[in-house]
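Trainee: Got a structure for you, written out below as structure tokens; questions coming shortly.
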Amino acid sequence: MNTTTTTTTTTEGRHMPDCWRNFHDALRAGSDRVLLYGVPGTGKTTAGIKYGTNNRNAYRLTCTSDMTDERLTGFWKRVKDGYAYHEGLGILAWREGARLVVDEIDKASGDVLGTLLNLLDSPESAQWRNDDTGEILTPSVGFSAVATTNVEDLRDLPEALLDRFPIAIRIDTPHPDALDRLPENLRHMASQLCDRPEGERASLRAFLEFARISPVLGIESSARMVFRNMADEIIEALLVAQVTQ
């Protein structure tokens, strides 16, 4: 279970993997456009929602291949007494100067991609007009965006989209705060197994589920349910750890 993840000791004395240290440093320095990419199940979305928002709201949008840009800008919805307008998450984040977290941004295409490029443009250039009301909006002070994707090669993303994110950080290990949700005996293993070739990795979500059910079902049954083809390796590692404690 070798890993190439490096760590840096923070000023608080806590060991922080370099990828997450870079993320926190970027936000602390004032960056308001950050792209987090790499293997799934490392806490990228949670980090975008939780950190560096300066106590402002964070709105999460998950891109899909069939979504429309109404999710970003707004739409009319039938209600009991007629219709009501629901502002989209992108415009809502603009209006409030809040954080927009765009998950699976690699799946954005067509009108959605075009609207995202506008919303994520530099404050001097970004502008959106509501065709129903004529209102013209620009991003309020404080607006920021964190995008996430599981792609490994940034060349798989449109060049114009990459240009909106001057800082792109490959996340190769779970955030320490996320690992703290696991029992101590699972944290190191979860950190090591997240960044292996596809089919040989286990995400933080898998370890959280294993931690949930193993006290009831036992290590072996739980591992075979959750980790499948990797179960034998994980069972052996846990049993060896028990013996050497």
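The values are calculated or read from the model by the stated rules, or taken from the named source; none is laboratory data. Given the structure is predicted, the values throughout are model-derived calculations rather than measurements. Glycine gets a Cβ as well: all are built from the backbone with ideal geometry, and neighbour counts include every protein chain shown.
Trainee: Here are some conditions: (1) in contact with a helix residue (DSSP H, G or I) (Cβ under 9 Å, 6 or more places away or on another chain); (2) at pLDDT 95 or above. Residue 28 meets all but one. Which one does it not meet?
Mentor: (1)
Trainee: Follow-up question, since we're still on this one. When residue 16 is evaluated against the numbered criteria (1) at pLDDT below 95; (2) outside any strand (DSSP E or B); (3) surrounded by 15 or more Cβ atoms within 10 Å (Cβ to Cβ), which criterion, by number, is the only one it fails?
Mentor: Of the numbered conditions (1) at pLDDT below 95; (2) outside any strand (DSSP E or B); (3) surrounded by 15 or more Cβ atoms within 10 Å (Cβ to Cβ), the odd one out for residue 16 is (2).
Trainee: Tell me the residue from 213, 219 that is at pLDDT below 95, over 24 Å from residue 48 (Cβ atoms), surrounded by fewer than 17 Cβ atoms within 10 Å (Cβ to Cβ) and not assigned by TED's automatic domain parsing to the domain that holds residue 65, please.
Mentor: 219
Trainee: Something else: Can you work out which of the residues in the range 37-69 that are of a type in the set (Phe, Trp, Tyr) and free of Cβ contacts under 8 Å to residues at least 60 places away in the same chain is nearest to residue 203 (Cα to Cα)?
Mentor: Looking at the filtered set, the residue picked out is 51.
Trainee: Return yes or no: is residue 196 touching an Asp or Glu at 6+ places or on another chain (Cβ under 9 Å) and outside any helix (DSSP H, G or I)?
Mentor: no
Trainee: Mind listing just one residue for me: the one in the range 31-67 that is in contact with a strand residue (DSSP E or B) (Cβ under 8 Å, 6 or more places away or on another chain) and polar (S, T, N, Q) and, of those, nearest to residue 147 (Cα to Cα)?
Mentor: Ranking the candidates gives 45 first.
Trainee: Could you tell me whether any residue of the range 227-234 is surrounded by fewer than 17 Cβ atoms within 10 Å (Cβ to Cβ) and either within 18 Å of residue 174 (Cβ to Cβ) or touching an Asp or Glu at 6+ places or on another chain (Cβ under 7 Å) (or both)?
Mentor: Taking every residue of the range 227-234 in turn, none turns out to be surrounded by fewer than 17 Cβ atoms within 10 Å (Cβ to Cβ) and either within 18 Å of residue 174 (Cβ to Cβ) or touching an Asp or Glu at 6+ places or on another chain (Cβ under 7 Å) (or both).
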